[in-house]
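What follows is one structure encoded as structure tokens, with my remarks underneath.
Read the figures in this text as sums done on the coordinates, not as results from a lab. From a predicted model like this one, the values you see are computed outputs, not experimental measurements. Don't worry about glycine lacking a Cβ; one is built from the backbone with ideal geometry, like all the others, and counts go over all protein chains shown.
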Amino acid sequence: MRRFAQIVKEGWRLTRPYFVSEEKWSALALLAVVLLLSFLGVRVLVVFNYWNREFFNAIQNKNVTAFWDLLLFWQHGKTGLMPGFIIIVTVYVVMALVRVYLTQLLQIRWRRWMTHRYVDAWLSGKAYYRIGLATEHGADPTDNPDQRISEDVRDFVDNTLNLGRSFIATMIEMVSFLSILWTLSGSVSLFGLVIPGYMVWVALIYSGFGTWLTHVIGRKLIGINFRQQRYEADFRYAAVRVRENAEGIALYDGEADERSNLVARFVNIYRNWRQFMKRTVMLNSMTLTYGQIAGIFPLVVVAPRYFSGAIELGGMMQVVDAFGRVQGAMSWFVDSYSGNTPDTNSLARLRSIIERLTTFDRAIEQARTEGRIERTGGAPGRLAADRLTLVLPDGTTLYEGLDLDLQAGESVAIAGRSGSGKSTLFRALAGIWPYGTGRLMLPAETTLFLPQRPYIPLGSLRRVVTYPDQARAADTGAIEHALRVVGMGDLIPLLDAEDHWATRLSGGEQQRIAFARAILARPDWLFLDEATASLDPESEAELYRALHEALPRTTIVSISHRPEVAALHDRRLLLRREPGGRVHLQDVTPAPAAAQ
């Protein structure tokens, strides 16, 4: 029960935001109608319970007229008007269909709202990037955020609605049939003690024992479900990586290694599934036995009253039906603890989903709040760093106490040995690296950062070139001019063609596209991190010259280890590490040649 209470508490924390959101009135209205239909469905079952009594009494008394009236139309009896079986079933089916439809409508609306909420939280404050950094360096256990947003949100809404509705409906059903069972079961004398409504107590003891035994056997399914979702996502991610890097794998003849990696990841799925099978067999053996006994158990208990003549056959069947309803309601926990597969609605699966979403929430919150680098904006024409210390997510210090001062209008190249932390400095200047201390004073003007590997989105070439701006808002003439400047004019006829451009364009072509974006954006400050690494020196020089001509007022800061790139800038800085660990930027700009 403590674990169930924990599920309710954590599930409510995830559920409440939607029902107090801007959609609260429509959400609450749909939920109210769904619960009302569930309540009316239970009332129909109560009517059917009384119908059972009249129907089997008609059979016992060989009353043909009453038999057909109860089966097809209605009957005026001792209890008043009793609708026929066809009427009862029709009403029940119609209400059930409407309830299912409205439940699905509420489900997709709730999922839409939660998906938007998680996407916004994941993308804001660079949380997606910082979570990826932490996971990559082993500092955070949040794996596969894409699965948590797509599958876990979907399954949380589905499990919460279906299990929550069924729990409420079951409690209503238990209360409704409890009074029937209490009235019909009579009293029994045990060791001189008269026990009224004895079948209620029998149902309570029977279901309580089943609930306890189910919990003991099935509690390990929570961890198994959690791991199964993770292993499935890991395997799928590895397969996607093979598809996205097909050319590199093919050139390396890396098929054997990739196969080994995929098989190893699937082994985790296989082994965990075998644990699920073993635990499910144990649980199902108990629940199936429990269910089969429940079918005959009330007959055995009520048989003495029937054989003594205290009740008729119809009364006996009514008691058996009421006992089954009460015992079934009390056994809701048994029936809902685990499904037959990790994909079905169950408390064990819901618990694992809640854990994954809760840890994801914590990771997003931590990613958005961590970081001790002080960033101040609004410095006109200047970028400066004061005693900047940068560390990795696992705590490893890259360098400490770095000072930097750049002025608008400069053309600066920052070099350093491989692994010296040049790219990390680039990320810190961009504001996406949270790990470290010190102070950054950022320019008030517009900035643009071009990484070594440009991001190529899905869609048309027009969207690729204008990213992240809206493609439709960009002037076609300006796009064509930018493509010609960077040597990609042959792609102009394909501007509106949709393709998988990330694989169609070579690394050098993708970097040229990134330069075209810079020309379209016309930033005041442009930062480049090995942004021409895939180009030959001659093409590299041509591209930089074209950039200077297209953006004469832009301050350009390039980070590279190649001397050819440094030669294309007016000022050159070199990252040097002192014996004590302190790193500083040494100005190694060659002195101007003496006048002839």
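Points to keep in mind about this one:
- Across the alpha-carbon atoms of the range 447-498, the computed radius of gyration and Dmax are 10.9, 30 angstrom.
- Ordered from longest to shortest, the equivalent ellipsoid semi-axes for the range 531-576 are 17, 15, 8 Å, each the square root of 5 times a Cα gyration tensor eigenvalue.
- For the chain, a crude dipole built from +1 on the beta carbon of Lys and Arg and -1 on the beta carbon of Asp and Glu, taken about the Cα centre, is about 2340 debye to the nearest 20.
- Whole-number D in µm² s⁻¹ for the chain, Kirkwood Cα-pair radius fed into Stokes-Einstein, 10 °C, 1.306 mPa s: 53
- The chain: angle of helix 24-60 to the longest principal axis, Cα-based, in degrees nearest 10: 30
- Taking the C-alpha atoms only, the angle from helix 537-550 to the longest principal axis of the chain is near 90 degrees.
- For the range 417-478, the spread of Cα positions along each principal axis, largest first, Å: 43, 29, 19
- Each pair of Cα atoms in the range 224-275 enters the Kirkwood radius, and Stokes-Einstein at 37 °C and 0.692 mPa s then converts it into a translational diffusion coefficient of 283 µm²/s.
- Rounded tilt (10° steps) of 221-244 against the dominant C-alpha axis of the chain: 40
- Residues Leu429, Leu505 arranged by fewest to most Cβ contacts within 10 Å: Leu505, Leu429
- Within the straight-line cut-off of under 17 Å between alpha carbons, the lysines reachable from Lys278 are Lys220, sequence neighbours fewer than 8 places apart in one chain being disregarded.
- For the range 381-413 versus the range 255-291, the gap between their alpha-carbon centres in whole angstrom: 50
- Whole-angstrom Cα spans of the range 372-587 along principal axes, big to small: 57, 34, 33
- Neighbour-count ranking [beta-carbon atoms within 10 angstrom, fewest first] of Trp182, Trp110, Trp332, Trp68: Trp68, Trp182, Trp332, Trp110
- Gain on full stretching of the segment that runs from Asp403 to Ser285 - 0.36 nm per residue minus C-alpha separation: 35.6 nm
- Full extension of the segment from Ala5 to Ala379, taken as 0.36 nm per residue of separation minus the current Cα-Cα distance, would add 129.3 nm.
- Residues of the range 549-563 with amide N under 15 Å of a point placed 7 Å along Cα→Cβ from His481: 549-553
- Working from label points 7 Å from Cα in the Cα-to-Cβ sense, the Arg16 to Arg576 distance is 5.9 nm.
- Prolate/oblate/rounded label for the range 250-298 (Cα gyration tensor, a/c 1.5): prolate
- Of Gly295, Phe156, Asn272, farthest towards positive along the dipole that unit charges on Lys, Arg, Asp, Glu beta carbons give the range 2-368: Gly295
- Separation in nanometres of the label points that stand 7 Å from Cα toward Cβ, at Ile249 and Tyr270: 1.8
- Selection among Val200, Trp110, Pro457 by position relative to the dipole of the chain gives Val200 as farthest towards the positive end (Cβ unit charges, Cα centre).
- Distance in nm between pseudo-label sites at Asp257 and Arg154 (7 Å out along the Cβ direction from Cα): 3.3
- Under-5 Å amide H pairs with Gln452, H placed in peptide plane, nonlocal only: Asp529
- Sequence of Phe360, Phe226, Phe515, Phe307 once ranked by neighbouring C-beta atoms within 10 Å, starting from the fewest: Phe307, Phe226, Phe360, Phe515
- Positive dipole terminus of the chain, leading residue within Ile432, Leu37, Thr555 (C-beta point charges): Leu37
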